[in-house]
Structures are given as C-alpha cells and as structure tokens.
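Every read-out reported here was derived from the displayed coordinates using simple, explicitly stated rules and does not represent laboratory data. Since the structure is predicted, the reported quantities are computational estimates derived from the model, not experimental observations. Reconstructed Cβ throughout: ideal geometry from the backbone, glycine too, with neighbour counts over all protein chains shown.
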C-alpha cells in the first residue's frame, strides 16, 4: 500500500495600475498556508466553504508564518476598507487542473495606503483585522512595500497549487 501526500503551494501576484491603466508596480511572492488554512482546505473538499471568503490587506512587515503573529492580519495592521469578498469569478481552476485561483481587485478610492506589505485570504469580510489566526486560510508578505494611491487599482491574483506525491 502506498500513502498519498497532499500539499498546497501558492503564488501571489499584486499589480498596481494608475488611472490611465498603465502598470505602476508588480510584486510576485509565495504564500504560506496557515495551520488554520490546512483545516479549511480539508473541510472545503466537503463543503461550499468559499462562499464567504475574501481578502484583506495589512501594513505589518512581519514575515508570514504557519501560526502566531505572522499568520494573520492583526487589528493594528489592517488597512481600513480592504476587507472584500473574492471576485465573483473565483475561486476557479487556474492554468492547470491542480491550480485553484483566487482574485480580488481594490478599485480607485478603495484601500488607499502607501505601506501595503501583506495580504491574506480569509473566511470572512468583516471590516477589521483579526485578534488571532482562526479566520486566515493563507497569508503572504510582499518583498517590496506597495504604494496604492487614491486613483490606483490594485489586483491580487493568488494561485494555489495542490501538490501530490
């Protein structure tokens, strides 16, 4: 008998576009699925778990972590107005059958901030940070700070690859 091992690996792409639609900044980083996210992924196989999910932005420079302070967007770190439901078209299959793509877009006037350092996929869209990691599926810290001006649009595309052995 051979055991099967499953894992998740994600790539997060953030793009800031000015009012003219031209690309101002692009950040690509890897995410870390939190301990809570491992449990979410297991339960999502059996339920419609994604219906209340969204993304939130944060300013902290804390490294992404499986648990503890790096595993969620804390209340003091949360960017006001950034809690939004996932785009209606996601999650969806990505470039191949083992990729699940999540996406969100913050339009001009939404989540304006000069120090965006983190993004999280969460199981809620309450307009606040969290007190702990119980609502966070995955989190990523950008290599460079994102400066989203009031006229800019920020799109985050998150590709989660399901790995097998």
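Structural remarks
- Remark: spin-label model distance residue 124-residue 88 equals 2.6 nm, labels positioned 7 Å along the Cα→Cβ axis.
- Highest average first, the peptides 19-26, 57-64 ordered by how many other beta carbon atoms sit within 10 Å of their residues are 57-64, 19-26.
- Backbone N under 18 Å from the residue 151 label point (7 Å along Cα→Cβ), restricted to region 10-35: 16-25
- Peptides 148-155, 127-134 ranked from most to least packed by the mean count of surrounding Cβ atoms within 10 Å: 148-155, 127-134.
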